[in-house]
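Just so it is clear, none of the values below were taken in a lab; they were calculated from the coordinates. These numbers come from a predicted model, not from an experiment. Cβ sites come from the backbone with ideal geometry, for glycine too, and all protein chains shown count toward neighbours.
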Amino acid sequence: MKSVVETLNPTRVRLAVEVPFAELESNIQSAYKRIAAQVTVPGFRKGKVPPMVIDQRIGRPVVLEEAVNEAIPQIYQDAMRENELTPLAQPEIDQPQFGEGEDLKFTAEVTVKPKIELPEWEGLEVQVDDIAASDDDISERLDVLRARFGTLVTVERAAANDDFVQIDLNATSDGEPVEGGQASGVSYQIGRGGMIEGLDEALAGLTAGETKSFRTTLVGTHEGEEVDVEVTVNAVKEQQLPELDDEFAQLASEFDTLDELRDDIREQALNSKRIEQAMAARDKVLEQLIGNAGDIPLPEELITQQVEDHLADGHGDDDHRAEFEQNLRGNLTQQFVLDELVKAESIEVSQDELSSYIIQQAMRSRIDPNQLAQQLVDQGNLPSVVADVARGKALALAVEKANVTDASGNAVELNRLREDGTLAEPGEVEGVAAPAVDGSFEFAELDADQDAEAADAADAAEEAEAGDAEAADADEADKKD
């Protein structure tokens, strides 16, 4: 096999392939067997029709076409590997030139990962904020805890912010009821938001038994539809919180005194801030890594297609288009740089790491791990998942090699950070957390994760990266006439 690459632009190539007729003999014999199993010829059992009879009944050109269709996908993949090209989408393969005794010739145009130089990544200097648990932090966490043990008491006054109200809702459009727009006995906390735009303002000042109408724009099934909503208050309830004392500490925790509870909450706050600090370090390392890489060519055709597909699904306006495209470009850039680090450091993903990742994602999505694994295989997304885990390990390595200090000049020992934000003893390494590519933290044995509710732009970038797997099926490639 001979192959020649013509670079059309940094992310687009034309691959010309030529294969001697003799190298296709196994494909031709395989084609005879498949055709023999499909045709019925009097005097011969199915699958036992000899090639000579197939040539007479079906025609030798049909056999050769079948052989070429079988051969091209593997030949294409071999040529891509031979030329060290990584496809990002399915190829466009022209009509192959092939006949009896002739070499097989075809060309394929495909979007590929650009060739880039690995930027400086070891010893990056990163500064993050100091961490401290303030009195306000402690008070805020105590208030959350008190709210869990609070009681609701019905009051005879106008509803105010933070009150709980029991309400009935009725949405109409031009006087007609909106399907699914009625609800009774709904419990709602004023100021919480997240239900209907304008509801908080309508409820403020109402007493039990009063009704008020307001106009709003719906979301969900009726997204964008303007309707009139009538809200009736059935009851107003005030949340009464327990006193902050030793008795509350004993009720809400394992501690005997409020001081002990405060100390524990302070430590919890510090743990959370350590994780936030480590995530900030991770983000800054990645930012420096991308900055050191300079301008990286991106696959413009693929980006345009991803954006159009996203908007075709009804996702937003021109402002959203710009935001989505910017995020997509950023994600692709990060992937390309981290992939170079994966390659340079020969980072591999073990079966245990992949299994751990799938189990964690299944837990987040509340589905069976085996079901998720099968979905990844069926949808051809497993290579993309493996690549994500490898990128997470690469970024974790860059963070590990970075010099991270806080604003006060103290070294931040991320290698001692456990997943819960506590610090391991010096020298302890097992179970120490490492920052993953998406900002979450997992045990060092995994080192990578992706959010189950990742942004659409990240999903689109992953779909682009999964092109390597998709391109393997060149039978489904678009063919030029």
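Things worth noting here:
- All lysines inside 30 Å of K284 as judged from Cα atoms, apart from same-chain residues fewer than 8 positions distant: K113, K115, K273, K343, K393, K401
- Added length on full extension, which subtracts the Cα-Cα distance from 0.36 nm per residue, A252 to S408: 52.5 nm
- Per-selection Kirkwood Rh - region 265-403 (Cα, Å, 1 d.p.): 17.7 Å
- Enclosed volume per residue, in Å³, of the convex hull spanned by Cα atoms of region 151-240: 86 Å³
- Under 5 Å, built H, 5+ apart or other chain: amide partners of N234: Q166, I167, D168, G209
- Signed unit charges on C-beta, dipole axis of region 2-111, positive-most listed residue P20, I72, F44: F44
- By the count of neighbouring beta-carbon atoms within 10 Å, fewest first, K113, K343 end up ordered K343, K113.
- Partners for K105 among lysines (Cα-Cα distance below 21 Å; same-chain residues under 8 apart left out): K2, K479, K480
- Most positive-pole-ward Cα, G194, F98, L244, against dipole of the chain from beta carbon charges: F98
- On full extension, the segment bounded by K115 and M52 gains 17.7 nm, given 0.36 nm per residue less the C-alpha separation.
- As a rough footprinting exposure proxy, the listed residues H320, H310, H222 were ranked by other beta carbons within 10 Å of their own, and the order from fewest upward is H320, H222, H310.
- Listed by Cβ neighbour count within 10 Å, with the fewest neighbours leading, M52, M80 appear as M52, M80.
- Taken about its Cα centre, region 1-125 carries a charge dipole of roughly 1020 debye when the Cβ of each Lys and Arg holds +1 and the Cβ of each Asp and Glu holds -1.
- Only Lys, Arg, Asp and Glu carry charge here, each on its Cβ (+1 for the first two, -1 for the last two); on that basis the chain has a dipole of about 2220 debye about its Cα centre.
- Measuring r between the beta carbons of K401 and E267 and using R0 = 30 Å, the FRET efficiency lands at 0.55.
- Spin-label pair D228/E100, simplified geometry with 7 Å Cα→Cβ offset, distance in nm: 8.3 nm
- Amide proton proximity set for E419, modelled H, under 5 Å, gap of 5+: A433
- Distance (nanometres) between label positions extended 7 Å along Cα→Cβ at M1 and T216: 6.1 nm
- Taking amide H as placed 1.01 Å from N in the peptide plane, the amide H of T111 sits under 5 Å from that of L88, A89, each at least 5 places away or on another chain.
- Farthest toward positive dipole pole in the chain [+1 Lys/Arg, -1 Asp/Glu at C-beta], among N415, Q306, A373: A373
- Listed by chain and number, the lysines whose C-alpha is less than 29 Å from the C-alpha of K237, apart from same-chain residues fewer than 8 away, are K212.
- Largest to smallest principal axis extent of the C-alpha atoms in region 36-173, angstrom: 96, 56, 35
- Backbone N under 20 Å from the D420 label point (7 Å along Cα→Cβ), restricted to region 141-168: 141-142, 145
- Rounded to whole Å, the principal axis extents of the Cα atoms in region 185-294 read 57, 54, 21, largest first.
- Listed by number, the DSSP H helices of the chain that run 24 Å or longer by alpha-carbon position along their axis and have mean Kyte hydropathy of at least -0.5 are 60-82, 382-401.
- Whole-number D in µm² s⁻¹ for region 2-111, Kirkwood Cα-pair radius fed into Stokes-Einstein, 25 °C, 0.890 mPa s: 160 µm²/s
- Extension reserve of the E92-I367 stretch, reckoned as 0.36 nm per residue once the Cα distance is removed: 95.3 nm
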